[in-house]
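Below: one structure, written as structure tokens.
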Amino acid sequence: MGLDSGPKHTSLYIGSLIVLVVSLLMFIAGLSAPYWTYGSLDGAADHPYVLYQGLWLVCHGYGNDTDTECSTAVDGSAVWFQAVQGLQLTALILWTFTTGYGGVANCLDPRYSHAIVLVVGTSLSGLLSFIALMIYIPNTVQFTETVVLDLDYQWGFALDLVGTLLGVFAAIGIAISYRKNPFTPRLPRETEMETSYPSSERVYSSNEAVYSSADRGYTSSEGVYPSEPEYPSSEGVYTPGEGAYP
């Protein structure tokens with residue numbers, strides 16, 4: 001027999017898992033977007049020099065977007081930029097694994113170890129993403145001061161940041177749900193039935209003890225219900241075979 005239907009996951013856990021999935025989708029969209037920053041050269045409003053970039057694509061040129069040229073931002077990038085890329089990719093891999101594990105764990109009997117994996121995995125991926133963002137922000141500010149560009153953070157950066165925050169909130173929700181309900185799996189039906197027998201036997205043995213005490217009372221009450229004749233042969237009142245009735 002399989003495991004019996006034990007306690008179900010709480011609504012807080014289910015909601016946190018949904019938030020975790022949404023945060024992963026937002027993180028992927030932000031990570032792959034070419035619009036982390038967008039800027040134009042000061043004093044060139046008529047025909048500005050524009051630059052926008054993500055973690056994997058850098059575009060620049062004059063005029064509208066059709067006149068810009070794009071190149072990959074992988075080879076030849078600065079060390080800090082490569083560090084941001086590596087941290088974000090590591091966070092994505094860990095985040096994907098954690099979210100997939102959470103979906104599988106939701107279909108299984110709840111165990112406290114599921115919460116540990118989900119909380120640790122999501123928290124670690126969120127930490128890696130935060131470190132990457134903390135490296136990215138000051139270096140882009142320094143780049144803005146160097147090339148005299150007014151850079152603004154765009155929707156790709158915002159999606160990445162919001163996705164990271166939502167992932168951390170999801171980890172907190174999962175931790176709270178399991179802290180309130182540290183579920184343990186129920187035993188199989190056979191085990192439950194086997195564990196119920198000793199209690200029944202104890203009841204029976206107690207009844208048997210009552211019966212045996214009653215029996216002992218019946219047999220030990222000598223003179224009330226004697227098992228021997230009322231007139232023992234030792235008193236000579238009635239002795240079979242002794243001449244009283246030849």
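Quick note: the coordinates plus some simple rules give every number you see, no bench work behind them. Bear in mind that the values here come from a model prediction, so they are computed numbers and not experimental data. Cβ placement follows ideal geometry from the backbone for every residue including glycine, while neighbour counts extend to all protein chains displayed.
Extension gain for L133-W56 works out to 26.2 nm (0.36 nm per residue, less the C-alpha to C-alpha distance).
Computed extension length for L165-Y49: 38.4 nm, one decimal, from 0.36 nm per residue of separation with the Cα-Cα distance subtracted. Site pair T68 and I172 shows an inter-label distance of 3.5 nm when each label is modelled 7 Å from Cα along Cα→Cβ. Between Y35 and G156, the built amide H atoms are under 5 Å apart, and every one of these is 5 or more places off in sequence or on another chain. Multiplying the residue separation of L25 and Y153 by 0.36 nm and removing their Cα-Cα distance gives an extension gain of 44.1 nm.
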